[in-house]
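Reviewing the structure listed below.
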There are 2 protein chains.
Amino acid sequence: MKVLVVGANGQIGRQVVELLQESEEHTARALVRRQEQAESFETSRVEAAVADLEGSVEEITEAAKGCEAVIFTAGSGGQTGWDKTLLIDLDGAVKTIEAAQKAGISRFIMVSALQAHRREHWNEAIKPYYVAKHYADKVLQSSGLTYTVIRPGGLLNEKGTGKVAAAESLERSSIPREDVAKTVVASLSEGHTFNRSFDLVSGEDPISEALKRI
Amino acid sequence: MKVLVVGANGQIGRQVVELLQESEEHTARALVRRQEQAESFETSRVEAAVADLEGSVEEITEAAKGCEAVIFTAGSGGQTGWDKTLLIDLDGAVKTIEAAQKAGISRFIMVSALQAHRREHWNEAIKPYYVAKHYADKVLQSSGLTYTVIRPGGLLNEKGTGKVAAAESLERSSIPREDVAKTVVASLSEGHTFNRSFDLVSGEDPISEALKRI
C-alpha cells in the first residue's frame, strides 16, 4: 500500500517512513508542513507532500489522493500553547479523517496516548492533551473508516526490543518510539487490528504475536 | 420542568435562572462551582447545587438528579488559558452530557457559538474556542438526548428586543444576552427545536414565532 504518513517529520513519523520504505508491501508518502521538509525527504528518495493541518480539509485531501492508508502521528508537541493542541491534535486530526474520507482512503491508523479512552486515568499534568486525543479518537471510531487507534505509553528514544504488550487497557508504562513505529506499520495489514483500539507498552511478546491477540 | 442551569453564575446563566423562576412552567436548579455561589442563589430562593466541571461525571450526575432538563451555558471565559477551553468548554460539556444520560434526563440545551458547525466560518481570533464548541456540539447531537444547539452571534449586554432571527446558517451579527436567555428558555418545551441546531442573532421575529420556523 502507499501510505500517507501525517507528521512524517516527527520522531515517530520519521521511523514509520523508514520502516515503510524498507518493507516490501508498502511505500510512504511523507506529509509535512514546509516545502524544505518535503525536499529533505525527496533527497532521500521518499515521496513527499506539503499540507498544513491548520489549513483546509481540501488541502489535506489533495495531499492524500492516491494513497491507500493514512497513519496519523502528528502533534503540536510540548513547545507550543494549548491553542495548538485544539487546532492540531484535535481539529487537525479530524480534518485528516475527513480528508481520508474525501480521498476514498479506507484504512486509518491513529497514534494516540495510553488510556486516552478513560478520563479517570488521564495524566493530570497534561490533561488538556488527553482531552484532544480522546475526542479525535472518538471521531475516528465513528467515522466508518477501517481504523486502528494505538495508544502508546511514555515514549522513549532508546532502541526498540521488538517486544510489546498490547491490550484494551494497560497500566501506565513506557515504550521506545522505535517499537511504536514498528507496531504501527505491522498493524497496517493485520486484520486483528481493524476497528480496534489498544494500549501499547514494552512487554514480552513479539509485535506480530501481540497484534494477533488484540 | 425542573431545569439544571450549568454555568448559572455566568452572564447568560443568571438571566436564564431568573426567567425560569419567573415562568409558570419551570423552576431552576443553579449549578455553580463554589459553595458561596450556591448560598448566594439560595438567599434569592433559587435551588442550587455545587459541582466542578473539571471534576468527575459522578459529581455532576449527583447535582443533576431529579431535574428534567439541562441548559449548558458554562464556559471557561476569556480570562483563562486555552487549557481551560479544552477542560471546560469541551470536556466539561461532554461530562455534563454524560451526567444527563446517567441521571435519566432526556432534554438538553447547549449554548454554542454562531457557525460553530462550519469550520470555514470560524472567527480566526478565537478559533481554538470554536474547535471546543464544535466537538461538544457534535457529541451532544449524537448522544441520543433530545437536544437543541443554540448558536448565538456576538453577545451584547444591552437590553433585549425580544426579536430574533434563527436559522441553520446566518451571517455574522450580534444579539443581547437577554434575548439569548429568552430563546433558550422558550426552546425548552418547543417541539420545533427538538433535535435541531441553529444560529441566533437579533432580527425581526418574536422569539416564539422564530422558533416555530426552525
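Efficiency by 1/(1 + (r/R0)^6): what FRET value for B:Q37 and A:K163, r their Cβ-Cβ distance, R0 = 30 Å, to the nearest 0.05?
Step by step, r from the Cβ atoms, then E = 0.05.
Please list, short to long, the whole-number percent of alpha-carbon pairs of the protein assembly as shown in consecutive 20 angstrom bins beginning at zero.
The distribution over the protein assembly as shown is 26, 50, 22, 2, given as percents.
Could you quickly flag the chain A residue whose beta carbon comes closest to the rotation axis taking A to B, and that distance in whole angstrom?
Nearest Cβ to the rotation axis, residue and whole-Å distance: A:W82, 2.
Mind checking Rg over Rh on the stretch B:2-153, alpha carbons, Kirkwood formula for Rh?
On the Cα set of the stretch B:2-153, Rg over Rh gives 0.95.
Given label points at 7 Å from Cα along Cα→Cβ, what nm distances, shortest first, separate A:G66 from the same residue in every other copy?
Ordered by distance, the counterparts are at 6.5 nm.
For chain A, what does the helix formula give at 222 nm: sum of -39500 (n - 2.57) over DSSP H segments with n ≥ 4, over the residue count, nearest 500 deg cm²/dmol?
Roughly -10000 deg cm²/dmol at 222 nm, from the helical runs in chain A.
Hey, with R₀ at 41 Å, roughly what FRET efficiency would A:E58 and B:E24 work out to, going by the Cβ-Cβ distance, to 0.05?
Taking R0 as 41 Å, the efficiency between A:E58 and B:E24 is 0.20.
Which whole-number percent is the relative contact order of the stretch B:2-153 (Cα, under 8 Å, 6+ apart)?
21 percent
Compute the FRET efficiency between B:D205 and A:E204 as 1/(1 + (r/R0)^6), taking r as their Cβ-Cβ distance and R0 = 51 Å, and round to the nearest 0.05. Mind dumping the intermediate values first?
Working: r = 67 Å, r/R0 = 1.32.
Efficiency for this residue pair is about 0.15.
Considering only C-alpha atoms, what is the centroid distance from the stretch B:30-107 to the stretch A:104-167, in Å?
Taking the Cα centre of each part, the stretch B:30-107 and the stretch A:104-167 sit 28 Å apart.
Output, in nm with one decimal and in ascending order, the distances from the A:Q79 label point to the matching label points of the other copies (7 Å from Cα along Cα-to-Cβ).
Computed spacing set for this position: 3.4 nm.
At 0.36 nm per residue, and after removing the present C-alpha to C-alpha distance, how many nm does the segment from A:S106 to A:S143 gain when stretched out fully? Intermediate results must be reported in sequence, preceding the final value.
On the way: separation 37, 0.36 × 37 = 13.32 nm, distance 0.99 nm.
Fully extending the segment from A:S106 to A:S143 adds 12.3 nm.
Give the nm distances, rounded to one decimal, from B:N123 to the matching residue in every other copy, measuring between label points 7 Å along Cα toward the beta carbon; shortest first.
3.4
Laboratory data are not the source of any read-out in this text; all were calculated from the coordinates shown. Fair warning: this is a prediction, and the values are worked out from it, not measured in the lab. Using ideal geometry, Cβ is built from the backbone for each residue, glycine included, and neighbour counts are taken over all protein chains shown.
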